[in-house]
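No value in this document is a laboratory result; all are computed from the given coordinates. Quantities reported herein were computed from a predicted structural model and do not represent experimental measurements. Here the Cβ positions follow ideal geometry from the backbone for every residue, glycine too, while neighbour counts run over all protein chains shown.
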Amino acid sequence: MTTAAIQTAVAQDGPPDPELVRIRDLVYQVAGIFHPDNKLRLLLDRCGRRMKELKTQSLREYFECLTIKPMRQAELVALLNEITIGETCFFRNQPQLDALRQVVIPKILEAKSKLPLRRLRIWSAGCSTGEEPYTLSMLLLEEAHSRLKDWNIEILATDLNERSLAHAKNAIYGTYSTRNLTPYFRQKYFTPAGEQLQVQPVVRNSINFSRLNLSDDGRMTFMKGLDVVFCCNVLIYFDLVSKRRVIQHFYNNLLPHGYLFLGHSESLYGVSDDFRLVHLPGATAYIKGERTQAGK
Ligand SMILES: C[S@@+](CC[C@H](N)C(=O)[O-])C[C@H]1O[C@@H](n2cnc3c(N)ncnc32)[C@H](O)[C@@H]1O
């Protein structure tokens, strides 16, 4: 797609190209990701990449690739791979991680102390290239000989972007991703891989990576029995309606004592009344409505 064609498709003074609007609506329906008018240029740029690859000449032709069998499913996945933004790093939000380790995990263990099954189930929803679930795994390993002795740890890590998931499974990271690692964690849990660092198997063993679309109500219904959900810096791309749907699934899937963590700048204000905000040292989280505040 040429620069002139991009200018025409998202001209400032006229309505956007109707084919681009149809693609926007399709992406929204499938993944809950909404591109307002001022982000249409970004969507168009991503479609342009795919159109170049497919050698399609017009948005109309490309829309057909996204909607007509046999290629529609594969092309939708390919477009979503281009659209989703996977900015992340290890130990992205230290106060949140400290709160998890010092307050939330002990509270959950207390709530589960009378149960015969010693299992902790944590979900990193929108895990991008894996830094978040690997960080969680390392933190829990630090407790493996004390608080979490004899506990079975299961970390589910899901994302829509299959390229990100392939990177996550490969577990090799450069300096940008690893910039927050302390020498302690770097030496204990990573092995040099050329100029980069690879996460050691002991950290990888407790994590189950899979592709999951948070807007897929059918699949979301099965993510049951969770103690903690991390859904950080994901819902910023969703509009209110799709945010509400996802949050309702988290509510249904979390155990009664469960915790939901969002990104630093995100909140459920105006999104859900079912969860209650709790203030932890240096961070906030959400618990299910009828609970009393953590730490009080
Ligand atoms: C900015 S990254 C956040 C990564 C990590 N949670 C963090 O905070 O560092 C956002 C991730 O959300 C994923 N995402 C966006 N829409 C999604 C959807 N509908 N279902 C699943 N994942 C989605 C993207 O693919 C991307 O990897």
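The H on the amide N of Phe230, modeled in the peptide plane, is under 5 Å from the matching H of Trp123, Ser124, Ala125, Phe261, each at least 5 residues off or on a different chain.
Charge dipole (Cα centre; +1 on Lys/Arg Cβ, -1 on Asp/Glu Cβ; no other charges) of the stretch 152-296 amounts to roughly 280 debye. Report, in whole Å, the centroid distance computed from the Cα atoms of the stretch 215-274 and the stretch 114-142. About 16 Å separates the Cα centre of the stretch 215-274 from the one of the stretch 114-142.
Taking a ≥ b ≥ c as the square roots of the Cα gyration tensor eigenvalues, with a/c under 1.5 meaning rounded and otherwise prolate when a/b beats b/c, else oblate, which class fits the stretch 1-149? Prolate, because a/c is 1.5 or more and a/b exceeds b/c.
What is the sum of charges, Lys and Arg at +1 and Asp and Glu at -1, for the other residues whose Cβ falls under 12 Å from the Cβ of Ser215?
Neighbourhood net charge equals +1.
Positive contributions from Lys and Arg (+1) and negative ones from Asp and Glu (-1), summed over other residues with Cβ under 13 Å from the Cβ of Thr67, come out at -1.
So what's the stretch 71-203 giving for Rg/Rh, alpha carbon basis, Kirkwood Rh from the mean inverse pair distance?
For the stretch 71-203, the value is 1.02.
3J(HN,Hα) along the stretch 229-245: 10, 9, 10, 9, 6, 10, 6, 4, 8, 9, 8, 4, 4, 6, 4, 4, 4 Hz, from the Karplus curve 6.51 cos²θ - 1.76 cosθ + 1.60 with θ = phi - 60°, whole Hz, x for Gly and Pro.
For the stretch 147-295, the spread of Cα positions along the three principal axes, ordered from largest to smallest, is 49, 34, 31 Å. Among all stretches of the chain without exposed chymotrypsin sites (Phe, Trp or Tyr not before Pro) (DSSP loop, at most 11 other Cβ atoms within 10 Å), which one is longest? Counting only loop sites that pass the neighbour cut-off, the longest clear stretch is 1-175.
Translational diffusion coefficient of the chain at 20 °C, 1.002 mPa s, Stokes-Einstein with Kirkwood Rh over Cα pairs, in µm²/s as a whole number.
103 µm²/s
The residue among Gly263, Asn180, Ile155 whose Cα reaches farthest toward the positive pole of the charge dipole of the chain, with charges on the beta-carbon of Lys, Arg, Asp and Glu, is Ile155. The loop-placed trypsin sites (Lys or Arg not before Pro) in the stretch 124-172, going by DSSP, that have at most 15 neighbouring Cβ atoms within 10 Å of their Cβ come out as Arg147, Lys149.
Structural size metrics of the stretch 29-116, computed from C-alpha coordinates, are Rg and Dmax of 21.4, 64 Å. Run the paramagnetic zone check for Leu277: 7 angstrom along Cα to Cβ, then residues of the stretch 233-256 with backbone nitrogen under 17 Å. Residues passing the 17 Å test: 233, 236.
With R₀ set to 41 Å, the beta-carbon distance separating Arg219 from Ala193 gives a calculated FRET efficiency near 0.80.
Note down the relative contact order for the stretch 142-296 as a percent, whole number, built from C-alpha pairs under 8 angstrom at least six residues apart. The partial results should precede the final answer.
On the way: 176 pairs, mean separation 27.5, N = 155.
Once divided by the residue count of the stretch 142-296, the mean separation gives 18 percent.
Annotation for the stretch 176-228: trypsin sites (Lys or Arg not before Pro) lying in DSSP loop with at most 12 further Cβ atoms inside 10 Å of their Cβ are Arg179, Lys224.
Cross-link pairs exceeding 23 Å between alpha carbons, from the set Lys39/Lys69; Lys112/Lys243; Lys224/Lys288; Lys114/Lys149; Lys149/Lys188; Lys114/Lys243: Lys39/Lys69; Lys112/Lys243; Lys114/Lys243. Would you work out if the stretch 69-111 is rounded, prolate or oblate? Take a ≥ b ≥ c from the square roots of the eigenvalues of the alpha-carbon gyration tensor; rounded if a/c is under 1.5, else prolate when a/b is larger than b/c, oblate otherwise. It comes out oblate by the Cα gyration axes. Placing unit charges on each Cβ (+1 for Lys and Arg, -1 for Asp and Glu) gives the stretch 40-114 a dipole about its Cα centre, and among Ala99, Thr88, Cys65 the Cα reaching farthest toward its positive end belongs to Ala99. Note on the stretch 216-291: Cα convex hull, mean projected area over all directions, 4.9 nm². Seen from Arg121, the other residues with C-beta closer than 14 Å to its C-beta sum to a net charge of +2, counting Lys and Arg as +1 and Asp and Glu as -1. Binning the C-alpha pair distances of the stretch 129-229 at 5 Å intervals from 0 yields a P(r) profile of 2, 11, 22, 22, 19, 13, 8, 3, 0 %, listed from the shortest bin outward.
Derived scalar couplings between HN and Hα for the stretch 55-70 equal 6, 8, 9, 9, 4, 4, 5, 5, 4, 5, 4, 7, 10, 10, 4, x Hz in order, rounded to whole Hz, by the Karplus curve 6.51 cos²θ - 1.76 cosθ + 1.60 (θ = phi - 60°), x for Gly and Pro. Cβ-to-Cβ counts within 10 Å put Met220, Met71 in ascending order as Met71, Met220, the fewest first. Around the Cα centre of the stretch 25-66, unit charges on the Cβ atoms of Lys, Arg, Asp and Glu (plus for the first two, minus for the last two) sum to a dipole of about 200 debye. Between Glu142, Glu132, Glu82, where does the largest GNM mean-square fluctuation fall for the chain, given springs only between Cα atoms within less than 10 Å? Result: Glu142 has the largest fluctuation of those listed. Multiplying the residue separation of Arg119 and Glu87 by 0.36 nm and removing their Cα-Cα distance gives an extension gain of 8.5 nm.
Can you tell me how much longer the chain between Val202 and His264 gets when fully stretched, taken as 0.36 nm per residue apart minus their C-alpha distance, in nm with one decimal?
Separation in residues times 0.36 nm, less the Cα-Cα distance, equals 19.5 nm.
Taking the Cα centre of the chain as reference, the dipole from Cβ charges on Lys and Arg (+1) and Asp and Glu (-1) amounts to some 820 debye.
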